[in-house]
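Participant: Before we start, here is the structure in question, set down as structure tokens.
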Amino acid sequence: MSKSIISDHQGPIIVFDAMCVLCTANAQFVLRHDHLGRFRLASMQNETGIALYRRCGMDPADPDSLIIVDGAKVLRDSDAVLAIYAGLGWPWKAISVLRIVPRLLRDPIYLWLARNRYRLFGKRETCWLPTPEQASRIL
């Protein structure tokens with residue numbers, strides 16, 4: 001994938017697991033509540049998501065975190081989750097107050113949840129597909 005595909009899209013890109021029930025629920029939540037259209041989404045199963053994971057030095061076949069890529073800046077683990085909620089505006093922005101909890105405490109909880117996401121929340125038989133109205137936000 002060329003860098004221009006990624007750079008053509010302004011704003012942060014959330015790369016998520018479209019096979020994970022929890023992850024797709026979160027992606028749908030973002031699409032419903034991001035009224036300004038700030039975020040774009042890419043599944044880790046598609047060409048854009050794979051390229052972004054590789055660019056960040058992560059194995060796209062076995063990622064341990066969702067990521068947010070905004071130009072050269074990359075957020076992962078609990079920082080990425082909190083940045084999503086901060087970017088949605090009020091009242092969801094209030095969740096970002098959890099940034100006061102040190103990453104040393106936040107990340108192990110996030111990583112445990114990420115490693116166990118299929119067992120705890122389930123795995124879809126097929127990748128989640130957006131509605132026609134949401135399709136323009138998906139890379």
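The values are calculated or read from the model by the stated rules, or taken from the named source; none is laboratory data. Keep in mind it's a predicted model, so treat the numbers as computed, not measured. So basically every Cβ, Gly included, is an ideal-geometry build from the backbone, and we count neighbours across all protein chains shown. Ligands, DNA and RNA are excluded from the accessible area calculation, which covers all protein heavy atoms including side chains. Shrake-Rupley method; radii C 1.70, N 1.55, O 1.52, S 1.80 Å.
Participant: With a 10 Å cut-off between alpha carbons and a GNM built on the chain, which of PRO63, PRO91, PRO12 moves the most?
Facilitator: Comparing PRO63, PRO91, PRO12 in a Gaussian network model of the chain, the most mobile one is PRO91.
Participant: For the chain, set up a GNM with springs between Cα atoms under 10 Å and report which of ILE13, ILE109, ILE100 has the largest fluctuation.
Facilitator: Per the Cα network of the chain with a 10 Å cutoff, ILE100 tops the list.
Participant: While we're looking at this one, here's another question. Quick check on the chain: take the gyration tensor over C-alpha atoms, sort the square-rooted eigenvalues as a ≥ b ≥ c, and tell me if it's rounded (a/c under 1.5), prolate or oblate.
Facilitator: rounded
Participant: So which cysteines in the chain don't have a second cysteine's C-beta under 4.7 Å from them?
Facilitator: CYS56, CYS127
Participant: For the stretch 2-139, which whole-number percentage of the solvent-accessible area (1.4 Å probe, protein heavy atoms only) is attributable to carbon and sulfur atoms?
Facilitator: Answer for the stretch 2-139: carbon and sulfur cover 60 percent of the accessible area.
Participant: For the chain, set up a GNM with springs between Cα atoms under 10 Å and report which of LYS93, LYS123, LYS73 has the largest fluctuation.
Facilitator: Evaluated over the chain, the most mobile residue of the options is LYS73.
Participant: If contacts are Cα pairs under 8 angstrom and at least 6 residues apart, what is the relative contact order of the chain in percent?
Facilitator: Relative CO of the chain lands at 31 percent.
Participant: May I pose another question? List the residues whose amide H sits under 5 Å from the amide H of ASP70, counting only those 5 or more places along or on another chain, with H placed 1.01 Å from N in the peptide plane.
Facilitator: ILE13, LEU75
Participant: Pull up all non-local amide H partners of ALA42: gap of 5 or more, or a different chain, and H-to-H distance under 5 Å with H placed in the peptide plane.
Facilitator: Answer set, sorted by chain and number: ILE14, VAL15, PHE16, LEU139.
Participant: What net charge do the residues around PRO12 carry, taking every other residue with its C-beta under 11 Å from that of PRO12, with Lys and Arg at +1 and Asp and Glu at -1?
Facilitator: Summing Lys and Arg as +1 and Asp and Glu as -1 gives +1.
Participant: Could you do me a favour and compute the accessible area per residue for the chain, 1.4 Å probe, result in Å²?
Facilitator: 57
Participant: Can you tell me the Rg and the Dmax, both Å, for the Cα atoms in the stretch 71-124?
Facilitator: Looking at the stretch 71-124, its Cα Rg and Dmax stand at 12.6, 34 Å.
Participant: At 24 Å minimum axial length over the Cα atoms and a Kyte-Doolittle cut of -1.0, report the qualifying DSSP H helices in the chain, or say none.
Facilitator: Long hydrophobic helices here: none detected.
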